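Peer 1: Supplied in structure tokens, the structure appears directly below.
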Amino acid sequence: MTTFLRPSMLALAAILAVIPGRAIAQTDAERAGARSAAMAGLEAYNSGKYEQALDFFGRAESVMHAPTHQLYLARSSAKLGRLVSAREYYLKLTQERLPATASKPFRDAQAAGDKELAELDPRVPYVSVVVQGTNAKDVQVVRDGEALPQALVGVPHPEDPGTHTFKATANGMESAPSTLVLKEGAHETVVLTLNAVASAEPAQPPKAGPNTGFNENEAGDASSRGDSPALRIAGYSGIGLGAVGLGIGTFFLIKAHGTQKDADAAFEGCQVTQTCMDPDVVDHVTSLDNSAASQRTAGIATTIVGGAFLATGITLLIVDSSGSHAETGKLKVQPILGLGFAGVSGRF
């Protein structure tokens, strides 16, 4: 006979055993991963590999926001000649309202962004696209193969330096392509003249197929009823061991969180001072990261084991309180653990 309890019967045990450890581990893992990506981005930037730096800092920022990430995203974009993107990164950095408790590296990054934005602004070129030959409201301008928002037609807007091609279409009309070589700081106007052309029936995109789904069948729960001293002893023992495991796990998780904060502080301090590539600094930050990871692993493991014992103990007490068994002498109980559930199985 098998006893099997879903999480609804062990809600308290499941929350204590799984959720805190998972939440703390996820936050620390994300912070460590973002720091690793940022360090790779800084190394690429210092080596003149600005495309790689942009990619690494973009990944770091997508995991965890930091003004230092924004600063190097702006710097890398500017080095690649993507002045419009660089300006946007600088604006986000400088317009962010940092809390009073923000770290010095974050405040320094924002101050550096203010200075560099002022130097970048005069370099950004502007283009005005003027469309002639129609008063139609459905005018569409394509810039380098991508649609230019209608609101920007006829309005000076920033563009990256380099060669750009513009073309306009509207209600069976189109213009000849116009190519412009745009230099830094320039203000140019592109005039596109529409002429009537034979229109073709636009191709219809294929219709998407029906969505598919799946049905999940859950097995029914089978329970046994019994009243046995062995069940009570095993139940209380499981609860005791579970409490000890949860306590030890919580200790390691708290300690890991503190170590991770030390690693974060060390890394933030080295970014603005450009010392993150110093071997001693790298060893120090890596050592803190490794210690935090080890403590976190120990905390998660002991918390899960403690939660399992606690869940099993509660289950045994529930089974014991539900009735009597005909053959208590042949009692054999074994815990069952799985993804999203805990319980016991046995022969009674």
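Peer 1: Among the listed residues G307, G245, G258, which satisfies the condition of being in contact with a strand residue (DSSP E or B) (Cβ under 8 Å, 6 or more places away or on another chain), modelled with pLDDT of 75 or more and not polar (S, T, N, Q)?
Peer 2: Only one candidate qualifies: G307.
Peer 1: Within the stretch 266-276, can you find the residues that are farther than 13 Å from S103 by Cβ and either in contact with a strand residue (DSSP E or B) (Cβ under 8 Å, 6 or more places away or on another chain) or modelled with pLDDT of 75 or more (or both)?
Peer 2: Matches in the stretch 266-276: C276 only.
Peer 1: Condition test on A29, is it within 25 Å of H257 (Cβ to Cβ), at pLDDT below 95 and surrounded by 18 or more Cβ atoms within 10 Å (Cβ to Cβ)? Can you show your working first?
Peer 2: Numbers: within 25 Å of H257 (Cβ to Cβ): yes; at pLDDT below 95: yes; surrounded by 18 or more Cβ atoms within 10 Å (Cβ to Cβ): no.
Criteria not met by A29.
Peer 1: Of all residues in the stretch 235-273, count the ones that are farther than 26 Å from F57 by Cβ, in contact with a helix residue (DSSP H, G or I) (Cβ under 6 Å, 6 or more places away or on another chain), touching a residue at least 60 places away in the same chain (Cβ under 8 Å) and not hydrophobic (A, V, I, L, M, F, W, C).
Peer 2: Total meeting the criteria: 5.
Peer 1: Here's something else I'd like to know. Which of the residues belonging to the stretch 67-85 are assigned to a loop (DSSP other than H, G, I, E, B) and in contact (Cβ under 8 Å) with a residue 60 or more places away in the chain?
Peer 2: The answer is G81, R82.
Peer 1: Answer yes or no as to whether K183 is modelled with pLDDT of 95 or more and closer than 24 Å to S76 by Cα. Explain how you work it out, then say what you get.
Peer 2: Numbers: modelled with pLDDT of 95 or more: yes; closer than 24 Å to S76 by Cα: yes.
For K183, the condition - modelled with pLDDT of 95 or more and closer than 24 Å to S76 by Cα - is met.
Peer 1: Does T303 qualify as being touching a helix residue (DSSP H, G or I) at 6+ places or on another chain (Cβ under 6 Å), part of a helix (DSSP H, G or I) and among the β-branched types (V, I, T)? Let's see the steps before the verdict.
Peer 2: On the way: touching a helix residue (DSSP H, G or I) at 6+ places or on another chain (Cβ under 6 Å): yes; part of a helix (DSSP H, G or I): yes; among the β-branched types (V, I, T): yes.
It is true that T303 is touching a helix residue (DSSP H, G or I) at 6+ places or on another chain (Cβ under 6 Å), part of a helix (DSSP H, G or I) and among the β-branched types (V, I, T).
Peer 1: Could you list, in sequence order, all residues of the stretch 180-200 that are farther than 23 Å from P122 by Cα and either within 39 Å of the chain's Cα centre (by Cα) or not in a loop (DSSP other than H, G, I, E, B) (or both)?
Peer 2: From the stretch 180-200, those farther than 23 Å from P122 by Cα are 191-200; that's our starting set.
Across the stretch 180-200, the qualifying residues are V191, L192, T193, L194, N195, A196.
Peer 1: Just one of the numbered conditions (1) loosely packed, with under 15 Cβ neighbours inside 10 Å; (2) among the hydrophobic types (A, V, I, L, M, F, W, C); (3) modelled with pLDDT of 75 or more is not true of L192; which one?
Peer 2: (1)
Peer 1: Here are some residues: L10, L54. Which one is aliphatic (A, V, I, L, M), more than 22 Å from the chain's Cα centre (by Cα) and either in the same structural domain as P279 (by TED's automatic domain parsing) or at pLDDT 50 or above (or both)?
Peer 2: Selected residue: L10, the only one of L10, L54 that is aliphatic (A, V, I, L, M), more than 22 Å from the chain's Cα centre (by Cα) and either in the same structural domain as P279 (by TED's automatic domain parsing) or at pLDDT 50 or above (or both).
Peer 1: For the stretch 52-93, enumerate the residues that are within 21 Å of H157 (Cα to Cα) and among the β-branched types (V, I, T).
Peer 2: Selection gives V84 alone.
Peer 1: For the subset of the stretch 86-116 comprising residues that are among the aliphatic types (A, V, I, L, M) and free of Cβ contacts under 8 Å to residues at least 40 places away in the same chain, which member is farthest from E43 (Cα to Cα)?
Peer 2: Going residue by residue through the stretch 86-116, those that are among the aliphatic types (A, V, I, L, M) are 86, 91, 93, 98, 100, 102, 109, 111-112.
From what is left, the residues that are free of Cβ contacts under 8 Å to residues at least 40 places away in the same chain are 86, 91, 93, 98, 100, 102, 111.
Details: A86: 19, L91: 24, L93: 21, L98: 27, A100: 30, A102: 25, A111: 22 Å.
Only one residue fits best here, namely A100.
The values are calculated or read from the model by the stated rules, or taken from the named source; none is laboratory data. Please read these numbers as outputs of a predicted model, since none were measured by experiment. With ideal geometry, Cβ positions are generated from the backbone for all residues, glycine too; neighbour counts draw on all protein chains shown.
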